[in-house]
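Scroll down for the structure; my scribbles are underneath it.
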Amino acid sequence: MELRSEWARRPWWMNLIFGFCVYMTFIYMPFDIFWKPVAEDEEVWFGFMLTGWWAKATAPLHWLIYGTLAWGFWKMRPWLWPWASLYAAQVAIGMLVWSLLAAHGPGVVGGLISFAIFMIPTIALWRARPLYDGATT
């Protein structure tokens, strides 16, 4: 399939999310899991930051999520709706919770701003259901 037609399958904003998932799957998560020292490792789940071995132990789950999303966006699989939007909503809520809990975090205002920013792709993904319904590949 020609690259132009591949990118035309999705709106520009969804291509950005797809590209982010590809980056996380093939570049960042392998670095995070295999090269980053345990002492520096951090993973955030539902707004709660895990560090050290707990972070290292849960990183493969992030890798699985990003890999699954990358494949789903590449093939425009129907199951992306509602799962991509629900994961994005979890990230938005997690950003708010982390902002409130982190000792040196951005606080309430920063948390609300982060939440609002991450709700933009969440809503866009939720409203994109028709894009997945016609997916056959």
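Which value at 222 nm does the chain reach when only helices count, each DSSP H run of 4 or more adding -39,500 (n - 2.57), with the total divided by all residues and rounded to the nearest 500 deg cm²/dmol?
-21500 deg cm²/dmol
Taking region 10-137, how much of its Cα-Cα pair set, in percent, is spaced more than 26 angstrom apart?
Roughly 27 percent, rounded to a whole number.
So for region 97-137, considering every pair of alpha-carbon atoms, how many percent are separated by more than 11 Å?
In whole percent, the long-distance tail amounts to 68.
Ranked highest first by average number of other Cβ atoms within 10 Å, how do 44-55, 89-100 line up?
So the peptides 44-55, 89-100, ranked by packing, come out 89-100, 44-55.
Keeping the other protein chains in place, figure out the carbon and sulfur percent of the accessible area of region 1-127, with a 1.4 Å probe.
C and S fraction of accessible area: 76 percent.
Assuming 0.36 nm per residue, please report the length gained on full extension of the stretch residue 13 to residue 33 beyond their Cα-Cα distance.
Answer, rounded to one decimal: 4.4 nm.
Extending each Cα 7 Å along its Cβ direction at residue 71 and residue 86, get the distance between those two points in nm, one decimal.
1.8 nm
Residues of region 93-132 with the amide nitrogen closer than 17 Å to a label point 7 Å from the Cα of residue 58, along Cα-to-Cβ, please.
Label zone hits: 93-103.
The values are calculated or read from the model by the stated rules, or taken from the named source; none is laboratory data. Remember, it's a predicted structure, so these values are computed and weren't measured experimentally. No Cβ is skipped: glycine too gets one built from the backbone with ideal geometry, and neighbour counts run over all protein chains shown. SASA here: full protein model, heavy atoms, side chains in, ligands and nucleic acids out. Shrake-Rupley method; radii C 1.70, N 1.55, O 1.52, S 1.80 Å.
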